[in-house]
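One structure below.
The values are calculated or read from the model by the stated rules, or taken from the named source; none is laboratory data. The model shown is predicted, which means the values in this text are computed figures rather than measured ones. Positions of Cβ are backbone-derived with ideal geometry, glycine not excepted, and every protein chain shown enters the neighbour counts.
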Amino acid sequence: MADDQPSQEEVKEENGTINIKVVSQAGEEVFFKIKKSTKLSKLQGAYANKVGKDVQSIRFLYDGQRITDDETPASLEMEEGDTIDVMVEQVGGAGAAARP
């Protein structure tokens, strides 16, 4: 019967917190421990504050998809040790090919 019971670590990961690594374009890593039910907008604000950037000037991506303010680690099915990529927002984009 004991084999059917999940380990304490598995229960903690399911119900509680996970560690997430946030990596900048320069390769700088910042680690966060958050609840799976916490909105990722809170993590985004904490990261921006920690690195001294305006949260509106950076974008957060998980598996190549932009993270919205209302998403949580649970809604994205994130697992222990997953990585979020941070990109500086770029405005514009009309390259030389678009010019007459």
Of (1) out of contact with any Ser or Thr (no Cβ under 8 Å at 6 or more places or on another chain); (2) on the phi < 0 side of the Ramachandran plot, VAL51 fails just (1)
Residue count, region 74-89, condition in a loop (DSSP other than H, G, I, E, B), at pLDDT 95 or above, surrounded by fewer than 16 Cβ atoms within 10 Å (Cβ to Cβ) and in contact with a strand residue (DSSP E or B) (Cβ under 8 Å, 6 or more places away or on another chain), comes to 4
The residue that is farthest from ILE18 (Cα to Cα), considering only those in region 36-73 that are in contact (Cβ under 8 Å) with a residue 24 or more places away in the chain and in a strand (DSSP E or B), is ILE58
Within region 27-39, of all residues that are under 13 Å from LEU76 (Cα atoms) and out of contact with any strand residue (DSSP E or B) (no Cβ under 7 Å at 6 or more places or on another chain), the one surrounded by the most Cβ atoms within 10 Å (Cβ to Cβ) is LYS39
